[in-house]
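Student: I am attaching a structure below and will ask some questions about it afterwards.
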Amino acid sequence: MIRCMKLEDYPRLISLWSGFPGNAITEADGPEGFSRFLEANGAFCLVAEDRAGISGSVMAGHDTRRGYVYHLAVRSDCQGAGLGRSLMEAVEKSLAEVGIEKIHLFIYTDNPARAFYERIGWVWRNDIGVMSRTLDRGGGRRG
Ligand SMILES: CC(C)(COP(=O)(O)OP(=O)(O)OC[C@H]1O[C@@H](n2cnc3c(N)ncnc32)[C@H](O)[C@@H]1OP(=O)(O)O)[C@@H](O)C(=O)NCCC(=O)NCCS
């Protein structure tokens, strides 16, 4: 069963994500960040559940211009049965329905999940890189 993510799922999601090196848990994944993201993007955050608990997750959102996908994960014993594809199809459909034309995701270059994404139709971009800067929450600049 795939359903909308809830605040109460948080501890079990952290546990699921912690099992995969490709699913980096950052400061943005603290309880406050999780709650803020769900509040803004709850319609695009899904979990899959079976008798053993949470079997998969995906968090997605948009800034009205582009969509972004985070924390796609399928519990190891459920992998290879189409759940990752189903979760991605569901969020892609939801984002398309609100008018988002293109979606992006961040992935470590050595993550084997790259082949999964390519299999389900995503395109690896060689023409763009990612630049990052950590901001001081007080509004100043750090580093
Ligand atoms: C990536 C991940 C979500 C895939 O989930 P899954 O449920 O096993 O994937 P599916 O069963 O839906 O696979 C869909 C297709 O992709 C293929 N596929 C899945 N993982 C693959 C891999 N590592 N390499 C190549 N193909 C893969 C499947 O064979 C299937 O192909 P088909 O169209 O011939 O049936 C899962 O492996 C995972 O949770 N990985 C760890 C977390 C992670 O790294 N997430 C990505 C963070 S960016």
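Read-outs: derived from the displayed coordinates by stated rules, not from any lab. Source: prediction; values computed, not measured. Note that each Cβ is placed from the backbone with ideal geometry, even for glycine, and that neighbours are counted across all protein chains shown.
Student: For the pair Arg36/Arg12, report the inter-label distance in nm, with labels modelled 7 Å from Cα in the Cβ direction.
Tutor: Those two pseudo-labels are separated by 2.6 nm.
Student: Here is a further query. For the chain, what relative contact order do you get, as a whole percent, if you take Cα pairs closer than 8 Å and at least 6 residues apart?
Tutor: Relative contact order for the chain comes out at 19 percent.
Student: Right, something else. Using just the helices of the chain, give the 222 nm mean residue ellipticity in deg cm²/dmol: DSSP H runs with n ≥ 4 each add -39,500 (n - 2.57), and the total is spread over all residues, rounded to 500.
Tutor: -9000 deg cm²/dmol
Student: Would you mind computing, in nm to one decimal, how far apart the modelled labels at Lys93 and Arg66 are, each placed 7 Å from Cα along Cα→Cβ?
Tutor: About 2.6 nm, to one decimal.
Student: Top mean-square fluctuation among Arg65, Arg125, Arg12, Gaussian network model of the chain, C-alpha springs under 10 Å?
Tutor: Highest fluctuation of the listed residues: Arg125.
Student: On full extension of the chain, what length is gained from Arg119 through Arg51, given 0.36 nm per residue of separation minus the C-alpha to C-alpha distance?
Tutor: Full extension of this stretch gives 21.6 nm more.
Student: Let me ask something additional. What fraction, in whole percent, of alpha-carbon pairs in the chain exceed 28 Å separation?
Tutor: Cα-Cα pairs in the chain separated by more than 28 Å: 17 percent.
Student: For Tyr108, put the label point 7 Å out on the Cα→Cβ axis and report which residues of the stretch 7-25 keep their amide N under 19 Å from it.
Tutor: What the label zone holds, given the 19 Å backbone N cut-off, is 14-25.
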